[in-house]
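Chemist: Sharing a structure with you now.
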Number of protein chains: 2
Amino acid sequence: MSIHPLQWRDPHHPQADACSRCEIRQTALFGVLGDADLDRIHTHIAGLTLAPDEPIYSRGSAGLAVYTVRSGVVRFERTTDQGDRRIVRLAGKGDLIGQEALLQRPYSDEAVCCTEVQLCRIPCTLVDDLGRAQGALLRELMLRWQVALDEAEAWLAELAAGPARLRLLRLLRRLADHADAAGQVWLPRREEIGAMLGLTEETASRLVSALRREGLVTVLPGRSARLDPQALDAALQVNNAD
Amino acid sequence: MSIHPLQWRDPHHPQADACSRCEIRQTALFGVLGDADLDRIHTHIAGLTLAPDEPIYSRGSAGLAVYTVRSGVVRFERTTDQGDRRIVRLAGKGDLIGQEALLQRPYSDEAVCCTEVQLCRIPCTLVDDLGRAQGALLRELMLRWQVALDEAEAWLAELAAGPARLRLLRLLRRLADHADAAGQVWLPRREEIGAMLGLTEETASRLVSALRREGLVTVLPGRSARLDPQALDAALQVNNAD
DNA sequence: CGAGCCGTTGAGGGGATTCAAGCTCAGTGG
DNA sequence: CCACTGAGCTTGAATCCCCTCAACGGCTCG
């Protein structure tokens, strides 16, 4: 009887099933890897579930892992030197977050859960090892960096200028793309909407109330809402024309 | 007499001197390469000089090259669907721009010269070839992506909210870091300041005039200015306290 | 039940926009 | 040489949007 290698893979390791059945496997970072590679690494990947408002990592701390978002919405926050918080970006299903850790750099934002969030925690050393052999993985990594950059710039162009009502409509249009299986979207607290759009809590509240009265938004209990993408698009057309 | 290899390096190739004497060589993308590697590639790199307001590349066009900024300031612009222009980021000496071309993706912004700009044009194929052999180069690439992302988020956090005067002060503080050899900074046109800070041309003009009267800014002919970093910092302190 | 958080709404003031009118200055052509 | 032109900058006055300060109601917790 032969001796098992130290890292003998156990087909019944709990993470093995989770990885092979992962619904976002194709679109996630490791989507370029084959079954063989995937089998070797799943023991190093931890799946975790966090509650709304739980921090994932904090700005400035040394990072040992990157994370793939399997479900939910994550926000990135910064604090200006005067102490006011600003939300600079959102991430959703399939996005890779905390990539700066791969460069031995401290995390550059506070990452916080908006909704309940399911994550895969991927140690940096794992990516380093795989990257040395797998050129495709490196390309995939760079692609994700570019997507994040693109997202940040689009956020700046769309959500940081213009009348408040227009900005809120654009924000809701984006949130609609993060809708969960039941078609519900995460509706930020009013103060959070303010932090995203550069408004005060009161102004955000007034605008949301207005949209609710117009029937564009249906507020549901538990920080969620139902909204009609087509009606939003129509409202955006009207407000753009102005 | 032996036959020269096809790619025999010519020590007197005009770009050879330019590369080996490049003052930003250590900090630029190819800073990780040794002399030997550098000698092999300089024939593929073109140095070019562009005038203010000349476009470098345009959003959506297929890119065949990335560029290293050797001197001057470059701005990245986007146009919202309503047609108003927004400047989302700046790049200066030592920065790599157009990295998305390496992923066979179209450029995601309009890149335009603010000042006279000196660039090194680096074909994508060159980076691809070197990257296969040089792991350090790939790391360097990813680092630059992260820096760009960080810059975009910082811009969003600092320049997109708060009183207009404070935003202008912060913008000028950043421009001061792009000062040229003579200690002069590029001063954007008023309309451009508006596009950066989400203001109108008139408001930008009023604020700049106010700072000029306060002696914080000295406007010079030719879209440039002289400003005192320490005085700016002091003014920022005052306005932050408020 | 009171405390505290979140959301809502009102009144008032201030800051930015809008709409205008001049200004300087470089380039052009009579 | 100088009027003419247009682009960029400045400034004024009126308006409006958003902020500030404030009070109140619903809701969850301890």
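Throughout, read-outs are computed from the coordinates displayed, never taken from laboratory work. Note that the structure is a prediction, hence the values are computed from the model and not measured. Please note: Cβ atoms are built from the backbone with ideal geometry, for glycine as well, and neighbour counts cover all protein chains shown.
Chemist: Using modelled backbone amide H atoms (1.01 Å from N, in-plane), which distant-in-sequence or interchain residues come within less than 5 Å of residue A:57's amide H?
Modeler: Under 5 Å from the amide H of residue A:57 lie the amide H atoms of A:111, each far enough along the sequence or on another chain.
Chemist: In debye to the nearest 20, how big a dipole does chain B give about its Cα centre with +1 on each Lys and Arg Cβ and -1 on each Asp and Glu Cβ?
Modeler: Computed about the Cα centre, the dipole is about 280 debye.
Chemist: With a cut-off of at most 10 other beta carbons within 10 Å, and DSSP calling the residue loop, which GluC sites (Glu not before Pro) in the range A:159-242 qualify? Please list them.
Modeler: Passing sites in the range A:159-242 are A:214.
Chemist: Also, I was wondering about something else. Suppose you put the label 7 Å out from Cα in the Cβ direction; list, shortest first and in nm with one decimal, how far residue A:123 is from each other copy's label.
Modeler: Ordered by increasing distance: 4.3 nm.
Chemist: Now, a different point. Quick one: 3J(HN,Hα) in Hz for the range A:169-180, Karplus 6.51/-1.76/1.60 with θ = phi - 60°, rounded, Gly and Pro as x.
Modeler: Running phi through 6.51 cos²θ - 1.76 cosθ + 1.60 with θ = phi - 60° gives 4, 5, 4, 5, 4, 6, 4, 4, 6, 9, 4, 7 Hz.
Chemist: Right, here's the next one. If you count, for every residue in A:96-103, the Cβ atoms of partner chains within 10 Å of its Cβ, what is the mean?
Modeler: Taking the mean over all residues of the peptide, I get 3.
Chemist: Moving on to the next point. Applying the Karplus parametrisation 6.51 cos²θ - 1.76 cosθ + 1.60 with θ = phi - 60° to the phi angles of the range B:61-76, what ³J(HN,Hα) value in whole Hz is obtained for each residue in order, glycine and proline being reported as x?
Modeler: Result, ordered by residue: 6, 6, x, 10, 8, 10, 10, 9, 7, 8, 7, x, 10, 10, 10, 10 Hz.
Chemist: Still on this structure: For the range A:49-207, rounded, prolate or oblate, judged on the Cα gyration tensor with a ≥ b ≥ c (square roots of eigenvalues), a/c < 1.5 rounded, else prolate if a/b > b/c?
Modeler: Prolate is the answer for the range A:49-207, as a/c is 1.5 or above and a/b outweighs b/c.
Chemist: Relative to the longest principal Cα axis of chain B, at what angle does helix B:229-241 sit, 0 to 90 degrees, rounded to 10?
Modeler: With rounding to tens, the tilt is 50 degrees.
Chemist: Please compute the contact order of chain A in relative form: average sequence separation of alpha-carbon pairs under 8 Å and at least six residues apart, divided by the residue count, as a percent.
Modeler: 17
Chemist: Run the label-point distances for residue A:40 please: 7 Å along Cα to Cβ, every other copy, nanometres, shortest first.
Modeler: Computed spacing set for this position: 2.7 nm.
Chemist: Taking the Cα centroid of the range A:153-187 and of the range A:20-70, what is the distance between the two, rounded to the nearest whole Å?
Modeler: Cα centres, the range A:153-187 to the range A:20-70: 26 Å.
Chemist: For residue A:94, what residues show an amide H to amide H distance below 5 Å, using hydrogens built from the backbone and excluding near sequence neighbours?
Modeler: Correct list: A:69, A:70.
Chemist: Place +1 on the Cβ of every Lys and Arg and -1 on the Cβ of every Asp and Glu in the range B:83-242, take the dipole about the Cα centre, and give the residue among B:157, B:112, B:216 whose Cα lies farthest towards its positive end.
Modeler: The listed residue farthest towards the positive side: B:216.
Chemist: To continue, here is another question. Placing unit charges on C-beta atoms (Lys and Arg positive, Asp and Glu negative, everything else neutral), compute the dipole magnitude of the protein assembly as shown about its Cα centre in debye, rounded to 20.
Modeler: 540
Chemist: Still on this structure, please answer the following. Could you calculate the contour length gain from residue A:121 to residue A:238, that is, 0.36 nm times the residue separation minus the distance between their Cα atoms, to one decimal place in nm?
Modeler: 37.8 nm
Chemist: Pull out a ≥ b ≥ c, the square roots of the eigenvalues of the alpha-carbon gyration tensor of the range B:176-223, then state rounded if a/c is under 1.5, prolate if not and a/b is larger than b/c, and oblate in the remaining case.
Modeler: Here the range B:176-223 falls in the oblate category.
Chemist: Enumerate the amide H contacts of residue A:224 below 5 Å, restricted to partners 5 or more residues apart or on another chain; note that Pro and chain-start residues carry no placed amide H.
Modeler: Residues meeting the criterion, in which the H sits 1.01 Å from N, are A:187.
Chemist: So what J values fall out for the range A:37-45 if you push phi through Karplus, 6.51 cos²θ - 1.76 cosθ + 1.60 with θ = phi - 60°, rounded to Hz, Gly and Pro as x?
Modeler: 4, 4, 4, 6, 10, 5, 5, 8, 9
Chemist: With the cut-off at 1.5 for a/c, could you classify the protein assembly as shown from its C-alpha gyration tensor as rounded, prolate or oblate?
Modeler: oblate
Chemist: Mind giving me the FRET efficiency for residue B:64 and residue B:84? R0 is 41 Å, r the Cβ-Cβ distance, nearest 0.05 is fine.
Modeler: 0.85
Chemist: With the label 7 angstrom out along Cα to Cβ, how close does residue A:206 come to the same site in each of the other copies, in nm, nearest first?
Modeler: 2.0
Chemist: Over all alpha-carbon pairs in the range B:41-92, figure out the percentage whose distance exceeds 14 Å.
Modeler: Cα-Cα pairs of the range B:41-92 separated by over 14 Å account for 64 percent.
Chemist: Counting only other chains, what is the mean number of Cβ atoms within 10 angstrom of the Cβ of each residue in peptide B:157-167?
Modeler: That average works out to 4.
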